[in-house]
1. Would you mind checking which residues have amide H under 5 Å from residue A:535's amide H? H placed 1.01 Å from N; only 5 or more apart, or other chain.
2. Fewest Cβ neighbours within 10 Å first, please rank B:375, A:244 accordingly.
3. 7 Å from Cα along Cα→Cβ at both residue B:285 and residue B:532: what's the point-to-point distance in nm?
4. From the residues B:200, B:235, B:184, which one has its Cα farthest along the dipole of the stretch B:168-274 in the positive direction, the dipole being from +1 and -1 charges on Cβ of Lys/Arg and Asp/Glu about the Cα centre?
5. Under the Karplus relation 6.51 cos²θ - 1.76 cosθ + 1.60, θ = phi - 60°, what is the ordered set of whole-Hz ³J(HN,Hα) values for the stretch B:208-214, x standing for Gly and Pro?
6. Let me spell out the model: positive unit charges on the Cβ of Lys and Arg, negative unit charges on the Cβ of Asp and Glu, origin at the Cα centre of chain A. What dipole size does that give, in debye rounded to 20?
7. From Cα pairs below 8 angstrom and at least 6 apart in sequence, can you work out the relative contact order of chain A, rounded to a whole percent?
8. Distances from residue A:390 to the same position in the other copies: list them in nm, one decimal, shortest first, using label points 7 Å from Cα along Cα→Cβ.
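Here, each number is a calculation from the coordinates, and none is a lab measurement. What you are looking at is a predicted structure, and each value in this text was computed from that prediction instead of being measured. For neighbour counting, all protein chains shown are included, and Cβ atoms are generated from backbone atoms with ideal geometry for every residue, glycine included.
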Protein chains: 2
Amino acid sequence: MATSEPRASGGDQDPNSANLRPPTTRFLQKNNSLDEKGRLAGQKNLLSCDNSDRDARFRLTETDFSNLFARDLLPAKNGEEPTIQFLLEIVEILTNYVKKTFDRSTKVLDFHHPHQLLEGMEGFNLELSDQPESLEQILVDCRDTLKYGVRTGHPRFFNQLSTGLDIIGLAGEWLTSTANTNMFTYEIAPVFVLMEQLTLRKMREMIGWPDGEGDGIFSPGGAISNMYSVMIARYKYFPEVKTKGMSAAPRLVLFTSEHSHYSIKKAGAALGFGSENVILLSTDERGRVIPADLEAKIIDAKQKGYVPLFVNATAGSTVYGAFDPINEIADICEKYNLWLHVDGAWGGGLLMSRKHRHKLNGVERANSVTWNPHKMMGVPLQCSAILVREKGILAGCNSMCAGYLFQPDKQYDVTYDTGDKAIQCGRHVDIFKFWLMWKAKGTIGFEQHIDKCLDLSQYLYNKIKNREGYQMVFDGVPQHTNVCFWYIPPGLRGMPEGDERREKLHRVAPKIKAMMMESGTTMVGYQPQGTKVNFFRMVISNPAATQSDIDFLIDEIERLGQDL
Amino acid sequence: MATSEPRASGGDQDPNSANLRPPTTRFLQKNNSLDEKGRLAGQKNLLSCDNSDRDARFRLTETDFSNLFARDLLPAKNGEEPTIQFLLEIVEILTNYVKKTFDRSTKVLDFHHPHQLLEGMEGFNLELSDQPESLEQILVDCRDTLKYGVRTGHPRFFNQLSTGLDIIGLAGEWLTSTANTNMFTYEIAPVFVLMEQLTLRKMREMIGWPDGEGDGIFSPGGAISNMYSVMIARYKYFPEVKTKGMSAAPRLVLFTSEHSHYSIKKAGAALGFGSENVILLSTDERGRVIPADLEAKIIDAKQKGYVPLFVNATAGSTVYGAFDPINEIADICEKYNLWLHVDGAWGGGLLMSRKHRHKLNGVERANSVTWNPHKMMGVPLQCSAILVREKGILAGCNSMCAGYLFQPDKQYDVTYDTGDKAIQCGRHVDIFKFWLMWKAKGTIGFEQHIDKCLDLSQYLYNKIKNREGYQMVFDGVPQHTNVCFWYIPPGLRGMPEGDERREKLHRVAPKIKAMMMESGTTMVGYQPQGTKVNFFRMVISNPAATQSDIDFLIDEIERLGQDL
């Protein structure tokens, strides 16, 4: 229901409502007039002062938002002032959040169960209604949304492969959403389309393809990028499947490691191969594909009359951070004429590091590569690229030549209209934040970030490898920032190996994790793997993390786990 | 190359560099301390003052960004002050852009060819390098990015189905990118996951499914949403395809109109059906499917031994804005036991309007519906939902049960972990901006927006239907906001029908469009359709557009086209 009285977000003592009426202040008093010259020869200038600011000075005024509504903002008449005031209030909320994100005296999260949030935490009502809410209430809703969320940029948030809050990336996202355009044509995204093209070329250069030649596109995530790779491989070897369907091809099989990301199997299911035709490869103790097993399974598949098509080598597996031996796999792919894809969603970032890029040796032999800057490189989600060695094959695979969008008779070079290579139509601008971060950090900035994260994971490994109460899931220095370990509470340390110990140990990580979340101090992931019971998987991609945060995590695990 | 001298974006007169050193001002001087109470019983409070601001007062200081770099921002030591100052500079750039977006005295775009932008417009260098750039240069890069882009929110931008710059949606996107989390688990996106759940339910209620029951997910766009619908239909009738592949099913065929969006055909190609097995249905003069043609083609397919699986009915076609007769199509789908999908990517928004929702009569009989709030409802891109009547089928179709992400032994109700229903793994938060807009406008706000856009398109239709020099592509009042017409320049008006006139007329719209883009005054789309030569397709989804903007467009077409 509409109301001009905002529901308080924290009871009577809640300071949020008080925040809504700031004293009068002045903001950014400067002349910002942009006299833009007409640049195109022969351009008819209809506009008296195009692109110029009449008055770019801000004043933050004491605005009463309780009687203002969305309909009072631009494009409403006289909407400029409330619009700017409203956006500045939002910015205040967000910059406070940014500061707190990096403040170790704040919690990573303030956990509540779904039913608690659904019941409405202290007036935070998630239900939608027919009538509008005042802008004052909208500001309170924004504060509450952040309050009950998770600070993924907090120095002690280690829960996912994507962590951290990069300020340049954040600025890039704010600009992207303000520009609010679509990647499908040069016509409406000229700058972004070119940035994507140049950035993809740079990424292909780092992979090692001659002159950075090839193809590629940014997609909405690693799973979709991996799906692209399977589609392109199929198109390369059996182009008639595009028009005639899978019945035009023999029974095709795909190979990927048992440690690889589940998106390869998902792609197999979605694209009509069937998940059973995604053959899982055995790995060594460290989670790396055993090349001999690949070759044996290729031979076996051929003997059964199936047609091997595609091999995925993982560069940085999700749980162990393992790098499959790409060169050895590439030898086998060449021998049997198979498409080689490298899933570097997690490990691709190591290509930016002179110290660590050797872990992807052979990646230049791949036919396609997935690389998610939103993981190891700290770019805000979503930012994932599928890179392809052969030029033109993406368009060949996906184009449908929609006349309403990709007119051949435009006045500019329409090869810059990239939309028809995509399986999407509209496509979000994922490139700008990444381009801006690359500009701001340089390649060396990404390198430093990656080297630092790998150093930190080695610090963690060295700290716990011989520490009482810890057991590593696999031996040796981790290849990526993944450090996998069991914490053995004192009560389990003397217990003999066996089912009872396994069952008890299996419950340790979930219990510690639940307590961590409820105390809000830190977050780290856990999972079982194969026959191994639940263990912690620590990953470091957060630029804010330091050795003291690693120490804190270990202290916290021991504090919470000592009585289990 | 790194440089502490920023490249100017507009020569010596460029005001951008001058903008970088504002006089000292104070911003948002208010006390913002948030004393957050520990709410969970038994919670161990390790943190002295979690979530509180020590000092939330901003001062915009005279910051010299020429010697500051990304590495000086948070999490750097003493990084807080430069971080806030940098973000405030960005906000100044963005709020100026917002103001100019709604200012009719500014241009919609400042067009340049790809080679011009690639050569570096007045110092705007798109190339990436190894060394970092100063924050001063980064701010200039941000200004330049906007300067050479397209103002999709401008009142005279009519080029796409997604137009407009909604201020609440923009605030929502800024918050989303600051929160920078991932939809796959409740664990790291508790509030957003619940918002998605409640919003999807509300959308299902508007479709008319009992109690809003069913399933659904937000996807990265309408093409992916439509792809989901085909996958789910296949899983419903031939679940074994998930594991065994398309060879486990007979030859399946899909039906969609010749006017439907190309994503249905793309999905057919990608998912292994083959684009030839996507059978195109004939339409009437208005672009609506002829039900008898559907039935005839179903019978024909069955006689050939194929198995009809899926029918797509379009609610709001891309070019004509046509609504297929859903009830009649649903009758046929029931008779032959076929999956009925309604692609309401463009027209779904009309469900919010009591006046226009009848155009989707029968939508409640669909098995699945695509509905893109980022089109007719003005939500920033990307925001698309796939809604499904049968509960649980999305998860059945897509789940792979990855242990590292979807642990069954979490402390909360893990049915809220939605990631395994998706074909994605990581998933961008597309819900918040939409939820916030719904809160701020209410259902009635969306209704008013939609009614106004449809009124405007009728105004345009009435204005040109009998006007000299115009010819409508089809007769009658448009069903949606699409108004399709030819402009006939004076020189062609007396010309007899025939190939010469057709060829000349085919070149008119591209020429006018090119001149429009070069003068930067307005943008509208054109395309051919079937045997019809290039015509303008006007669409109105921009809340900033008024009758005077429609008048302007017509004047502009006549001004630019009079001598063709």
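1. Residues meeting the criterion, in which the H sits 1.01 Å from N, are A:527.
2. A:244, B:375
3. 1.2 nm
4. B:235
5. With the stated coefficients, the stretch B:208-214 comes to x, 6, x, 6, x, 5, x Hz.
6. About 1400 debye.
7. 16 percent
8. 3.8
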